[in-house]
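The values are calculated or read from the model by the stated rules, or taken from the named source; none is laboratory data. No experiment lies behind these values; they were computed from the predicted model shown. Backbone-built Cβ (ideal geometry, glycine too); neighbour counts: all protein chains shown. When the accessible area is computed, the model is the full protein with side chains, heavy atoms only, and any ligands, DNA or RNA have been set aside. Shrake-Rupley method; radii C 1.70, N 1.55, O 1.52, S 1.80 Å.
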Amino acid sequence: MPPSLDELVKQGEGRQDAVDMGDGIFMSKNIANSYLVTTPDGDVLINTGTDFEAEEIKARFARASTGPLRLITFTQGHPDHVGGWSLFNSDRVQTVAQANHGDVREYWRHLHPFYVRRIMALWGAFMDVETHAAELPPEPVLTEAFIDSHAVELGGRRFEFYATPGGETTDALVVWLPENRIVFIGNLMGPFFGHVPNLYTLRGDKIRSAMAFIHSLDRVIALAPETLFNGHDVFRGVDQILTTLTKVRDATVYLRDRTLDGMNSGADLWALMREVTLPSELSLPQVHGKVPWIVRAIWEEHVGWFRYESTTELYDVPPSSVWPDIVELAGGIGALTERAHSHAEGGRPLEALHLTDIVLNESPGHPAALRVKHAALEQLLANSGHENHSEVQWLEQELKNVTPQEDR
């Protein structure tokens, strides 16, 4: 079983040493791992962690290598990969990233308050996001930005950089060491290797293109790596690595094809989210991504938010604007709550939640509606199998929100 997300993001806490991975490579465990590749003429740093982790990361690598740092790169432009840059940067250090890096960093900085609220709602139970995110660290200043590929020689080692825009950001890249047949892919496949990809994250971010993800995996497959480092671990053996990469690629192709086939046949989004599944030979763990979310991401990547279901989708009056009318026509809050209870009792938790949303919009503290909502959420959590980290975390946070203070 993979570690919980709580365990994963906390694995680097406290004073510890960098891990010697062999071949002159050292790993610092962080929220997203950093890697130091050493050479006789200086070192290359892959990812700098968050700004609040950077001091400890720097101390770990200083104990592992006395060589000067010569180059920094980022496998993607998220804060847990780039936030510590300023602590490592100097006049003697080059910073190399894919050309979309500036655009990725611009929207993350511009939407900083929005993302902090979202991350707190989802992960605030075990991460003090607000404290850590109070001030934005300095932005990386690039000395080299490449579009498709780039290469440098340092201390007898060749470093090749390849754009993989199907990763978690459009500036995603992989670092390839051809002599050792080692590749660093960061979170191209998410935090877990060989799982269903996450083309949309509940935290919120741009939808990731399924086709770009497929092409990016093909690029790594073509390298035939013997060792693969992702954002959190190392995997060895060319056969195992290629088998896993190929299965994830083929599963994504299958889901995209079936979703587009369903769209062409006239099926609606909700039906496709229910009906499109992976065959047994392509079955993958759904700890980070989830098949119905991939289906929705593929739909919205190709045709956007207007689903041709109602004219009201085009305008700025939400369905909740008529919820008071529904309450009145139903005979009051009590009647809707009772119907919601019937749905929950009948094993239809989502129908129950649709109705409790209406009731709690009108009467936020309604005890009976909160009890029904709690029961419906518990059903969804049980039905989830506690597999997908984001789904479980969301449901557990929601359950806390509807649990009376004295019962927490």
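Annotations for the structure displayed:
- Test: residue in the stretch 211-227 that is part of a loop (DSSP other than H, G, I, E, B) and under 16 Å from the mean Cα position of the chain (by Cα): no
- Within the stretch 252-280, residues that are open to solvent by 70 Å² or more (accessible area, probe 1.4 Å) have Cβ atoms under 6 Å from residues that are among the β-branched types (Val, Ile, Thr) in these pairs: 258/276, counting only partners at least 6 apart in sequence or on another chain.
- Single residue of the stretch 364-394 satisfying the filter (at pLDDT 95 or above and among the polar types (S, T, N, Q)) that is least open to solvent (accessible area, probe 1.4 Å): 384
- Against the list (1) crowded, with 16+ Cβ neighbours inside 10 Å; (2) modelled with pLDDT under 95, the condition residue 204 fails is (1).
- Enumeration of residues in the stretch 249-276 that are of a type in the set (Ser, Thr, Tyr) and within 16 Å of residue 199 (Cβ to Cβ): 252, 254, 259
- First in the stretch 19-30 and touching a residue at least 12 places away in the same chain (Cβ under 8 Å) and at negative phi, second anywhere and buried (at least 21 other Cβ atoms within 10 Å of the Cβ) and of a type in the set (S, T, N, Q), Cβ under 7 Å, 6 or more apart: 27/33; 28/34
- Meets criteria (surrounded by 18 or more Cβ atoms within 10 Å (Cβ to Cβ), in contact with a Ser or Thr (Cβ under 7 Å, 6 or more places away or on another chain) and either farther than 27 Å from residue 252 by Cα or of a type outside the set (A, V, I, L, M) (or both)) for residue 138: no
- Some residue of the stretch 212-219 being out of contact with any Lys or Arg (no Cβ under 9 Å at 6 or more places or on another chain), over 29 Å from residue 108 (Cβ atoms) and either open to solvent by less than 50 Å² (accessible area, probe 1.4 Å) or not hydroxyl-bearing (Ser, Thr, Tyr) (or both): no
- In this structure, residue 283 does satisfy being without any contact (Cβ under 8 Å) to a residue 40 or more places away in the chain, under 13 Å from residue 194 (Cα atoms) and among the small types (Gly, Ala, Ser).
- Qualifying residue in the stretch 339-351 (condition: closer than 30 Å to residue 243 by Cα, touching an Asp or Glu at 6+ places or on another chain (Cβ under 8 Å), in contact (Cβ under 8 Å) with a residue 12 or more places away in the chain and open to solvent by less than 60 Å² (accessible area, probe 1.4 Å)): no
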